[in-house]
1. Residues of segment 278-331 being β-branched (Val, Ile, Thr) and closer than 24 Å to residue 403 by Cα, which ones?
2. Can you find even one residue in segment 456-468 that is out of contact with any Ser or Thr (no Cβ under 6 Å at 6 or more places or on another chain) and within 23 Å of residue 298 (Cβ to Cβ)?
3. Here are 232, 209, 196, 223: which of them is surrounded by fewer than 22 Cβ atoms within 10 Å (Cβ to Cβ) and among the hydrophobic types (A, V, I, L, M, F, W, C)?
4. Give the number of residues within segment 292-351 that are touching a strand residue (DSSP E or B) at 6+ places or on another chain (Cβ under 8 Å) and modelled with pLDDT of 95 or more.
5. Applying the selection to segment 96-138, what residues are closer than 15 Å to residue 66 by Cα, open to solvent by less than 10 Å² (accessible area, probe 1.4 Å) and within 16 Å of the ligand (Cβ to nearest atom)?
6. Within segment 302-317, track down each residue that is more than 8 Å from the ligand (Cβ to nearest atom), touching an Asp or Glu at 6+ places or on another chain (Cβ under 9 Å) and open to solvent by 20 Å² or more (accessible area, probe 1.4 Å).
7. Take segment 346-365 and flag every residue that is among the hydrophobic types (A, V, I, L, M, F, W, C), buried (at least 19 other Cβ atoms within 10 Å of the Cβ) and within 24 Å of residue 308 (Cα to Cα).
8. Taking into account only those residues within segment 3-38 that are open to solvent by 20 Å² or more (accessible area, probe 1.4 Å) and in contact with a Leu (Cβ under 9 Å, 6 or more places away or on another chain), which is farthest from residue 165 (Cα to Cα)?
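The values are calculated or read from the model by the stated rules, or taken from the named source; none is laboratory data. All values reported here derive from a predicted model rather than from experimental measurement. All Cβ positions, glycine included, derive from the backbone under ideal geometry; neighbour counts span all protein chains shown. The accessibility values were calculated without ligands, DNA or RNA, using every heavy atom of the protein model including side chains. Shrake-Rupley method; radii C 1.70, N 1.55, O 1.52, S 1.80 Å.
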Amino acid sequence: MPDLGAMQDWSLVVTHLVDHAAREHGTREIVTRWADGSQTRTDWAGIRRDALKMKQALESCGIRKGDRIATLAMNHARHLVSWYGAVGAGGILHTINPRLFEDQLEYIANHAEDRVLLYDAAFKPLVEKMKPLWTTIEQYICYDDGEFESWIGAEDGDTDWADVDERDPCMLCYTSGTTGNPKGVLYEHRSTMLHALSGMQPHAFDFDASTVMLPVVPMFHAASWGLPWTGAAAGVKFVFSAVNEPEVLCNLMTEEKVTDSAGVPTVWLGIFQYCDANDLPLPKLATATIGGSAAPRFMIERLMKNGTRVAHAWGMTETSPIGTVGAPTHDWAEKSFDEKVSIVAMQGRPVFGVELRTVELDDMATELPRDGRTSGALQIRGPWVVKRYFKAEEDATNVDGWFDTGDVGIIHPDGTLQLTDRTKDVIKSGGEWISSVELENAAAGHPAVAEAAAIGMAHPKWDERPVLFVVRKPGTNVTGEELRAFLTGHVAKWWLPDAIEFIDEIPHTATGKISKKDLRSRFSDYVLEDA
Ligand code: ADP
């Protein structure tokens, strides 16, 4: 091929993000409200300066390219410094979720072969307990009590980022593993950069110069939805809180004039409850991103009535995590409020960069129509979707590069994704599928129901039939018959549970989702009456 000219090599390494933020938005503030109630302020230039010092400090500890540097920490400026410091040293940042069970914590740090661990003083007891079990960690650095500051303070920051390739790994996140051991997902510089840029789409986080973002989604969960990377590209002002109490969050939102926030539904629920109990208005946010599990309708309605755009997002650790985000449709102005809420209650449309499809649950291969009616197993592919789990022998994708999400959903003609279940939880009755999630949502609409979980129980004639486990709200005494009558108006007759069992508590995973695996094992001896 003759030399026809060329474009420059500017590899997609994520340190470009903090370089850009420091250069173009250097004085944009990064505020932290610490666990002890104190507050500190730095800016993007300060984050970069400290990250360069941390890179030197890691080198002084003997960290080499590809080594894993773990964090066990909440959201704060030092954690942000560590993200860039670790990758800037050529290392792989491994954010550990402190809410995991101890056997999982033991497994993932050893499996990752972490060499350094940076942790919050709040997790000191946990760290002390785990130390004898963690076999590869050589150095422990506490973020508090001046330890982190003096560790990086010994360096001058007069250095450059380590030389890495854009296809080199930069970050490792483990899924919480509802079955078997947690699995590591290894993000590359390139995949992370592309994902960060996708987050800038108006359809996604829609950041601009005036954005003040308080990410409640922890930096240890699914890369905090990529916010520490995307926020740097846009130069947003970050407001971090090392505690997730609704009172602290609400005060920060008001005091720091927060425009955007992001968190799982429980976070918003906590904020509602706090504001109601104290007769306070909800904070005035421009955008609330909700994901991790389905945002309930009442939550969307309330936020929208408060003038907040609800960006309902779907994704998973395996997808870096952004897959879809809800955004106004082209005919938004013509929609009624209720129609808008119904659209937002679905999981949004794919951001540019990923492709989605649904396939038959029976063969996991036959592609289904995008007709807004047919549900099937959801698959995804794209440059920030996992190809192979960390240290796994085989690819996690099929021959065409599709990754099975484990979710079940419907794709609408305009590309909107509507999740209906998980493949493991969907109930097969007489060759037809019953959505456990829709049954649960219908039951949750009853005023006496605090929480409900539906699972399929073996049935000789129908294969499986649904059984609904219900936790009553305190002081209520709804009966199975009453609940069945209530459900009759809300779901198809053949979906009605064969039995309704009232229990004190429904088991949850470390990330707060209903653990059907634990529920199933608790009721492994359960036999349906007519079975
Ligand atoms: P975990 O929390 O189990 O560690 P992830 O955070 O990766 O793992 O969870 C991803 C899963 O969470 C998705 O596969 C999906 O089932 C669920 N999920 C994420 N966002 C939504 C949403 N907006 N609505 C419904 N379910 C969601």
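1. First, the residues of segment 278-331 that are β-branched (Val, Ile, Thr): 287, 289-290, 300, 308, 310, 317, 319, 322, 324-325, 329.
Across segment 278-331, the qualifying residues are 290, 317, 319, 322, 324, 325.
2. Within segment 456-468, one or more residues are out of contact with any Ser or Thr (no Cβ under 6 Å at 6 or more places or on another chain) and within 23 Å of residue 298 (Cβ to Cβ).
3. Values: 232 fails: surrounded by fewer than 22 Cβ atoms within 10 Å (Cβ to Cβ); 196 fails: surrounded by fewer than 22 Cβ atoms within 10 Å (Cβ to Cβ); 223 fails: surrounded by fewer than 22 Cβ atoms within 10 Å (Cβ to Cβ).
The conditions single out 209.
4. Number satisfying all stated conditions: 30.
5. Once the filter is applied, which keeps residues that are closer than 15 Å to residue 66 by Cα, open to solvent by less than 10 Å² (accessible area, probe 1.4 Å) and within 16 Å of the ligand (Cβ to nearest atom), segment 96-138 yields only 112.
6. 309
7. Step one: list which residues in segment 346-365 are among the hydrophobic types (A, V, I, L, M, F, W, C), which gives 346, 351-352, 354, 356, 359, 361, 364-365.
Among the residues that remain, those that are also buried (at least 19 other Cβ atoms within 10 Å of the Cβ) are: 346, 351, 354, 356.
Correct list: 346, 351.
8. Across segment 3-38, the extreme among qualifying residues is 33.
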